[in-house]
Amino acid sequence: MDKIKAIIVEDEEASRVTLRNYLEKHCPTVELLGEAKNINEGYDLINLKKPQLVFLDVEMPFGNAFDLLEKFDSLNFEVVFVTAFSKYALEALNLSASNYLLKPVSIDELVDAVKKVKQQISDKNSVHTSNILLENLAIENRQSKKMVLPMLDGFEVVTLNEIIRCDANDNLTDIYLTDRTKRTVCRTLKFYEETLSDYDFVRVHKSHIVNINFVKQYKKGKGGEVILSDGSYVRVSPTRKKDFLDKFSQ
């Protein structure tokens, strides 16, 4: 395929220079069309250059990456977010399965991100994860937010209120839904523990995360046991009992 036409939107000059140099040296499939240092310049540059890919810093003065994306009715370009560690930003990005790089940017991770974008551009059925990200930002009800599930044969989009529990399956995760079906997802249980901790989910055992909205009964014990609305029983480990009871009481 032709080179991926890209721009950089980043307020720090040193970060722009580093990313530009990395792209020139290690990502020959990317053609850089321009750079912007704030969301207003970024908006104008996107409309002018019509890029296929935007490298977008999450935290900028006078508005963040999400403010920029919300200026568009729909997004017809891919986005690789660049961010310093921010729990709020990472949870939002992970829910939508968006591509992102943590600062300082790793060359290997940059190369991998470009490969993913190239595949997404080639795959006409690929989900525009940034559109789902924007939808989620507009939804106030935590359980109504959407999550992209990357699976071995593609992906699926579900709302959080469809997920009853998540179970560890080696380096994969089995996700049980309200329609009594199961999805096996290419992510670890730890990934979902970190992503879903602020969305009414709690890890009750090394192998289990539950959506507290589907807890029907708790049976006391050393750790105890949770009965969920689908009739499943999930053990609570003694070390996680307090976390579960605290979350449930909220």
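Tabulated data for the structure shown
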{"quantity": "Ratio Rg/Rh [Cα only; Rh per Kirkwood] for region 141-249", "calculated": "0.94"}
{"quantity": "12 Å beta-carbon shell around VAL148, net charge (K/R +1, D/E -1)", "calculated": "+2"}
{"quantity": "Rel. contact order, % - alpha carbon contacts under 8 angstrom, at least six apart, region 164-250", "calculated": "22 percent"}
{"quantity": "Normalised convex hull volume, the chain, alpha-carbon set, Å³ per residue", "calculated": "137 Å³"}
{"quantity": "Lys, Arg +1 and Asp, Glu -1 on Cβ, resulting dipole of region 178-217 about Cα centre, debye, nearest 20", "calculated": "280 debye"}
{"quantity": "Relative contact order (%) - criterion: Cα under 8 Å, at least six apart; region: region 123-217", "calculated": "20 percent"}
{"quantity": "Positive-end extreme of charge dipole, region 141-249 - chosen from LEU245, ASN171, HIS208 (charges on Cβ)", "calculated": "LEU245"}
{"quantity": "Gyration tensor (alpha-carbon) shape descriptor, region 148-198, a/c threshold 1.5", "calculated": "rounded"}
{"quantity": "Tensor-based shape of region 104-201 (alpha-carbon gyration tensor, a/c under 1.5 rounded, otherwise prolate or oblate)", "calculated": "prolate"}
{"quantity": "Under 14 Å, Cβ to Cβ, from LYS219 - net charge with Lys/Arg +1 and Asp/Glu -1", "calculated": "+4"}
{"quantity": "Shape call, region 1-102: gyration tensor on alpha carbons, a/c limit 1.5", "calculated": "rounded"}
{"quantity": "Normalised contact order of the chain, rounded percent, pairs of Cα under 8 Å and 6 or more residues apart", "calculated": "11 percent"}
{"quantity": "Calculated from backbone phi, Karplus (6.51, -1.76, 1.60) coupling profile of region 164-174 in Hz, x at Gly/Pro", "calculated": "8, 7, 10, 10, 5, 9, 6, 8, 10, 9, 8"}
{"quantity": "Within straight-line cross-link reach of LYS3, lysines at Cα separation under 27 Å, skipping those fewer than 8 residues along the same chain", "calculated": "LYS25, LYS37, LYS49, LYS50, LYS71, LYS103, LYS115, LYS116, LYS118, LYS124"}
{"quantity": "Neighbourhood net charge (9 Å Cβ-Cβ; Lys/Arg +1, Asp/Glu -1) for THR159", "calculated": "+1"}
{"quantity": "GLU78 long-range amide H proximity, modeled H, under 5 Å", "calculated": "LEU53, VAL54"}
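Each reported figure results from applying straightforward, stated rules to the coordinates on display, with no laboratory input. Everything numeric in this text was worked out from a predicted model, so none of it was measured. We place every Cβ from the backbone using ideal geometry, glycine too, and count neighbours over all the protein chains shown.
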